[in-house]
Amino acid sequence: MRPLTFSRSILALYLLGTMAASAQMPLSVTQGRAAQRAGTKLVDVYYDVSGGTAPYTVSLQGSADGGATWTLPVTTVSGDVGAVTAAGTNRLVTWNVGTDWSGQFSANVKFRVNVTDAAVPDGFALIPAGAFTMGRTSGDADSDAQPVSVTVSAFYIGKYEVTKALWDEVRIWAAANGYTDLSVGGGKASNHPVHRISWFDIVKWCNARSQKDGLTPVYTVSSTVMKTGTSAPAANWSASGYRLPTEAEWEKAARGGVNGRRFPSGSDTISHSQANYYSSTSYTYDVSPTRNYHPTYATGSFPWSSPVGSFAPNGYGLYDMAGNMWEWCWDWYEASTYADGATNPRGSSSGTNRVFRGGSWSGLAIACRAALRYGNTPTDTYNYVGFRLARRSVP
């Protein structure tokens, strides 16, 4: 296998800064340079960052064709990437070429450092804009989730699944402000995820919380804010309010900035130390030493959910992206709308089932994979399905 070689002159670097709403000095990203470390398959990429509001979210993209496309598999990175807590000079990101692109060569390699200001709403994480590989990986065989390249704009997503306590708080406000049919919902405890709420309950609840917080509601029916009923709503994607993530947004967030791995943890295996799910010997990638329901949470009556945030977060700081509760998404479930090269895909305009993702306390390891797609009737409720919130990136 031919070793990777670079001419230093073609290691060009683009520097992009995206600032969220902030009264601080504008975000500045400068002084980029890149070089292969002598005698190794490591590439060091340097940048300076100042202004904006720290911490920052930093990602690295690569191009093998002079910037025409940005599909170089720059996934095994370390250093000042992901969450960067402070401004500084000579920030360093190191790409492990030997892992991601060993034996490959191009005379037109370029890098792009994306830095996003972190004026992020409380309880949310900022998912940076960009392309990622959506779909099955690691030898899995999902017929409805072939690997495709999808690009999404930057957006905010809740760090936690919505709790019963938050559901109740907003529902009480909603009942006094024209929302007449929101479900009470269920919850094992106030800090457990809410369940027994339909997809329609959720979109109306999102509108109620938006209005409660002084934001523009996302969902309308006949150009009127949706407060009651089960008519399929339209979505105003530029509105500042709360909403469900799209299926593509959910999967990008779940992967935590790591491509090519089965689970949101960034691993190809899963165990009860990482998630609340039903462990069995059916799948070789289920390596939990404890089997069946999670032994810590299988107590009392169903559901055997866990308090939100009981396990380590993924690379974007998100909790319970695998297990605990399935999470409703915006999209109608359709195999035909799952396409390569899409930008901000939002699914079909109609359908029978809405998508939910991520597995649950009662589901097997196969369901906890980031690529697994499932859906059901949006009027139905379950004790193993909840949701988390999303918002557009700049209020």
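Every number here is computed from the coordinates shown, using simple stated rules; none is lab data. Since the structure is predicted, the reported quantities are computational estimates derived from the model, not experimental observations. We place every Cβ from the backbone using ideal geometry, glycine too, and count neighbours over all the protein chains shown.
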- Signed unit charges on C-beta, dipole axis of the chain, positive-most listed residue THR40, GLY241, GLY347: THR40
- Query: Tally Lys/Arg at +1 and Asp/Glu at -1 over every other residue whose Cβ is under 11 Å from the Cβ of GLY375; what's the total?
  - Reply: -2
- Query: If Lys and Arg each add +1 and Asp and Glu each add -1, what is the summed charge of the other residues whose beta carbon sits under 9 Å from the beta carbon of ALA390?
  - Reply: +3
- Message: If amide hydrogens are placed 1.01 Å from N in the peptide plane, which non-local residues have theirs closer than 5 Å to the one on PHE124?
- Response: LYS159
- Message: Quick query: amide H of SER280 versus all other amide H atoms, modeled in the peptide plane; which residues come in under 5 Å with a sequence gap of 5 or more or a different chain?
- Response: ASN292, ALA365
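What order do you get for 292-302, 327-337, 223-233, 248-258 when each peptide is scored by the mean count of other beta carbon atoms within 10 Å, highest first? Don't skip to the end; give the middle numbers.
Values: 292-302: 13.4, 327-337: 20.5, 223-233: 15.0, 248-258: 24.8.
Order by mean packing, descending: 248-258, 327-337, 223-233, 292-302.
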- Message: Give me a comma-separated list of calculated 3J(HN,Hα) values for region 280-296, in order, Karplus coefficients 6.51, -1.76, 1.60 applied at θ = phi - 60°, integers in Hz, x for any Gly or Pro.
- Response: 8, 8, 5, 10, 5, 7, 8, 9, 5, x, 10, 10, 6, 5, 4, x, 6
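Taking the Cα centre of the chain as origin and charging only Cβ (+1 Lys, Arg; -1 Asp, Glu), how large is the dipole, in debye to the nearest 20? Can you show the working numbers first?
On the way: 32 positive and 27 negative charges, 71 e Å.
Once rounded to the nearest 20, the dipole reads 340 debye.
Considering only the other residues whose Cβ falls under 14 Å of the Cβ of ASN353, what net charge follows from Lys and Arg at +1 and Asp and Glu at -1? Walk me through the numbers before you get to the answer.
Details: positive: ARG354, ARG357, ARG373; negative: ASP144, GLU247, ASP331, GLU334, ASP380.
In short, -2.
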- Item | Burial order of peptide ranges 379-388, 171-180 (average beta-carbon count within 10 Å, highest first) | 379-388, 171-180
- So, relative contact order of the chain in percent, Cα under 8 Å, 6 or more apart, is 17
- Message: Quick query: amide H of TRP330 versus all other amide H atoms, modeled in the peptide plane; which residues come in under 5 Å with a sequence gap of 5 or more or a different chain?
- Response: THR246, GLU247
- Query: Per-residue ellipticity at 222 nm for the chain, helices alone: DSSP H runs ≥ 4 residues times -39500 (n - 2.57), over residue total, nearest 500 deg cm²/dmol?
  - Reply: -3000 deg cm²/dmol
- Proximal lysines to LYS252, defined as alpha-carbon separation beneath 28 angstrom and excluding residues fewer than eight positions away on the same chain: LYS41, LYS110, LYS159, LYS164, LYS204
- Task: Pop out the ³J(HN,Hα) list for region 365-373 in order, Karplus 6.51 cos²θ - 1.76 cosθ + 1.60 with θ = phi - 60°, rounded to Hz; leave Gly and Pro as x.
- Result: 4, 4, 6, 7, 5, 4, 8, 5, 10
